[in-house]
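Comments concern the structure below.
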Amino acid sequence: MKKISLGIYRQDPSADRKGKIVKYHVPVEEGMVVLDAVRHVQENTDPTLAVRWNCKAARCGSCAAEINGVPKLMCKTRIEDIGDDITVEPMRSFTLVKDLVTDISPAWAVARSLPHFHPRQRSVHPFRIEEMDVERSQEFRKCIECMLCMDVCHVKREHNTSYVGPRYIVKAASLDMHPMDSLDRSKFLDREGGIGYCNVTKCCQAICPAHIRITENAIIPEKERAADLFYDPLMMLLKRLRKVKD
Amino acid sequence: MTAAKRRIVPEELSNPSWRVLSFIFLLLAAFVALLLFPVPEFKGYIDPFYSPLILLLPIPAMLRLTCYTFRRGYNRHVFQHPQACEAANRNDDRSRDYTGETTPLMKIENLHRYFVYGSLLILPFFFYDLFVSLTYGGGFILRAGSILMIVETALVTLYLLSCNSIRSLIGGRNDCFSCMHAPRARKGVYDLQSFFNSHHDNLAWLSLIFVVAVDLYIRALMAGWPIDFTLFKIVGI
C-alpha cells in the first residue's frame, strides 16, 4: 500500500514552550482525505494527538486547519489532490489548545457584540417574504462557522486590529439584507467593527469551503453602505432630506 | 486611539519599499510619457488616453486606483498586505504597521463612486472614437485597429457598468426588492449587473490591457509599422 509523509504540528502549551512538526508515514487508499490520515495516526501511532472533528462531511466546520499552509477543512481535502508530502498545522489566528486544536471562543464574543435581528415595526407574524428578497441573505446562511476566513484574514492574523473579521461581516450582511430587519449595521461596522481595515485582498473568499462570495457579496456591499452613511456627501444629504420628509 | 490610527498617510507610503517606489515611478513615468509624446489622433484612430482631453485622465486613473479589483492588486503585490493567502508566501507580519483603509488618505477609496460617475461621462467618447475610426475617409471601413477598438470599447463599457458601486446604487443598498416599484424589472437588472460584477476582476484587467494596446497600436502606426491592414470597406455611403 502506498504511504505518504504526513507532518503534524505537535505542541501542548502547558508543557512545551515551542511546537514542532512531527513526521508520520501513513498508508493511504484512493479517496482518503487528510482527516482520515490524521485519525490513522491518532488511532494507530499516537493516541495523545489532539484533533477536533465531528461530521466528516464539511458541514460542522470542526476540522479546520492549515494544510500545506493553506486554511482548509481536513475532511474535504483529498490526499491525491495535494501530493505525498503533507503538513497539517492548527489555525494560526487563534490561541492553541493542543496540537491541531485551537480556541475559537473569542469569535463568539464578537458575535454577541453585533446588533441582533431587529424586526420592522408593524411587521406581521409569521413573516411573509418574497423569494427575490431572501436570495442574498440565504447565501450567507451556508456559513458553517469553520473560522477559516478569520484564520486567513491578515487583518486578524498578522495585525490584531479591532476588525470583526470576515465571518462577522457575513453575519451582519445576512441581517442587513434581510427584508424584515430594520437596522443598518454598516454604521456599527465602520465605527466599531473596523471594516476600514479590510483591504479587499479576497483571501477569505478564496478559501471559503461553503463557496460564499464573502468579499463581493458581503464586505464590499457593507463598505458601500458605510460610504453612503459617512463618506458620500450627496448620499448623506439625501438621507437627511428623507428623514426631514418622514 | 492607537498611533497607527492617528496616521494621515499609511506606513506603506510614508516609509515606502522598493515595490511602492517602483509602482509610483511607473505611474509617473507613464503620465509624463503621455504628456511629452502625445498622439491624440492618427488616420482616424483617436487615442483613448487623449479622448476627449488628456487633462481628464486623472478621473479614469483615480477610478482604477480606487477600484476594488485594483485595490486588491496593489494591496497584495505592492503593499504586501498580504502578498498571498498561503502561509509560506504571505510576506506580512506583526512587526509591520497596518492601517488598511482607515487613514484620511486611504479613505479616498470610499469616494470611488464619484470617479465612476465622472468616468460614465467620459464613456460616450469611446463610442465616438470607434465611430470615427469606422467611418474614416467617408463610408465604412473595418481595419485591424478598429477591431482592437471594438473590443476595447466593449470591455471598458462592461468594466464600468459592472462596478461594485453601481451594483450598490441599482439595488445592493436595498433590502427589499418586492417593496419597490417594478420589483421584477429591478431585480432582473440587479441580477444581470451582478453576473457581470462576478467577472469584474477579469474585465478590469482586460479593459486596461486593451486601452494600453490601442494606445501602443496607434503609436506603432505613427512610427510607420505596416500593421494596419483593411478587412472590409464600403466607399461613400
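The numbers here are math on the coordinates, done by the rules we state, and not lab data. What you see is a predicted model, and the numbers here were worked out from it, not measured in a lab. Cβ: placed from backbone, ideal geometry, glycine included. Neighbour counts: every protein chain shown.
Only four residue types carry charge here, +1 at the Cβ of Lys and Arg and -1 at the Cβ of Asp and Glu. Report the dipole size of the protein assembly as shown about the Cα centre in Debye, rounded to the nearest 20.
1100
Could you check what % of the DSSP bridge pairs in segment A:3-103 are antiparallel, to the nearest 5?
80
Pull up the cross-link candidates among the aspartates and glutamates for residue A:2, meaning alpha carbon to alpha carbon under 12 Å and not fewer than 8 places away within one chain.
Residue A:2 reaches A:29, A:30, A:80, A:84.
Cα centroid distance between segment B:128-205 and segment B:66-116, in Å?
Between the Cα centres of segment B:128-205 and segment B:66-116 lies a distance of 26 Å.
Return the calculated 222 nm mean residue ellipticity for chain A, to the nearest 500 deg cm²/dmol, obtained by summing -39500 (n - 2.57) across DSSP H runs with n ≥ 4 and dividing by the residue count.
Computed ellipticity for chain A at 222 nm equals -10000 deg cm²/dmol.
Given +1 on the Cβ of Lys and Arg, -1 on the Cβ of Asp and Glu, and no further charges, what dipole in debye does chain A carry about its Cα centre, rounded to the nearest 20?
Its charge dipole is roughly 720 debye.
Hey, rough spin-label estimate for residue A:141 and residue B:21, points 7 angstrom out along Cα→Cβ, what's it come to in nanometres?
5.5
Within chain A, which is the longest segment containing none of the GluC sites (Glu not before Pro) that sit in a DSSP loop and have at most 10 other Cβ atoms within 10 Å?
Free of exposed loop sites, the longest segment is A:31-246.
Would you mind telling me which residue in A:217, A:44, A:54 has the biggest mean-square fluctuation in a Gaussian network model of chain A, where springs connect alpha carbons within a distance under 10 angstrom?
A:44
Just need the relative contact order of chain B here, percent rounded to a whole number, with Cα pairs under 8 Å and 6+ apart.
25
With unit charges on the beta carbon (Lys/Arg positive, Asp/Glu negative), name the residue among A:207, A:161, B:197 whose Cα is farthest towards the positive pole of the charge dipole of the protein assembly as shown.
A:161
Name the residue farthest towards the positive end of the dipole of segment A:60-148 from the options A:90, A:124, A:67, assuming +1 on Cβ of Lys and Arg, -1 on Cβ of Asp and Glu, about the Cα centre.
A:124
Quick check on chain B: helices-only [θ] at 222 nm, where DSSP H runs of length 4 and up contribute -39,500 (n - 2.57) each and the sum goes over total residues. Nearest 500, please.
Using -39500 (n - 2.57) per qualifying helix, the result is -17000 deg cm²/dmol.
Please give the charge dipole size of chain B, origin at the Cα centre, charges +1 on K and R Cβ atoms and -1 on D and E Cβ atoms. Round to the nearest 20 debye.
500
Let me know the mean shielding of A:22-28 by other chains, meaning the per-residue number of their Cβ atoms within 10 Å of its Cβ.
The shielding value for this peptide is 0.
Rounded, prolate or oblate: which fits the protein assembly as shown when a ≥ b ≥ c are the square roots of the eigenvalues of the alpha-carbon gyration tensor, with rounded for a/c under 1.5 and prolate only if a/b beats b/c?
It is prolate, given that a/c is not under 1.5 and a/b is the larger ratio.
Rounded, prolate or oblate: which one fits chain B, using the alpha carbon gyration tensor with axes a ≥ b ≥ c (rounded when a/c is under 1.5, else prolate when a/b beats b/c, else oblate)?
Verdict is oblate for chain B.
Would you be so kind as to identify which of B:137, B:154, B:172 lies farthest towards the positive end of the dipole of segment B:134-210, taking Lys and Arg as +1 and Asp and Glu as -1 on Cβ and the Cα centre as origin?
B:172
Over 28 Å between Cα atoms, which of A:239/B:187; A:18/A:72; A:18/A:223; A:23/A:142; A:72/A:187; A:20/A:171 qualify?
A:18/A:223; A:23/A:142; A:72/A:187; A:20/A:171
Can you list which of the chymotrypsin sites (Phe, Trp or Tyr not before Pro) found in segment A:116-182 are DSSP loop residues with at most 15 other C-beta atoms within 10 Å?
A:117, A:127
In peptide B:95-102, how many Cβ atoms from other protein chains are near each Cβ within 10 Å, on average?
What the average comes to for B:95-102 is 6.
State the three equivalent ellipsoid semi-axes of chain A, derived from the C-alpha gyration tensor as the square roots of 5 times its eigenvalues, in descending order and whole Å.
41, 19, 15
Tell me whether segment A:105-245 comes out rounded, prolate or oblate; compute the Cα gyration tensor, take square roots of the eigenvalues as a ≥ b ≥ c, and use a/c under 1.5 as the rounded threshold.
It comes out oblate by the Cα gyration axes.
How large is Rg/Rh for segment A:175-245, to two decimals, with Cα atoms and a Kirkwood Rh?
For segment A:175-245, the value is 1.04.
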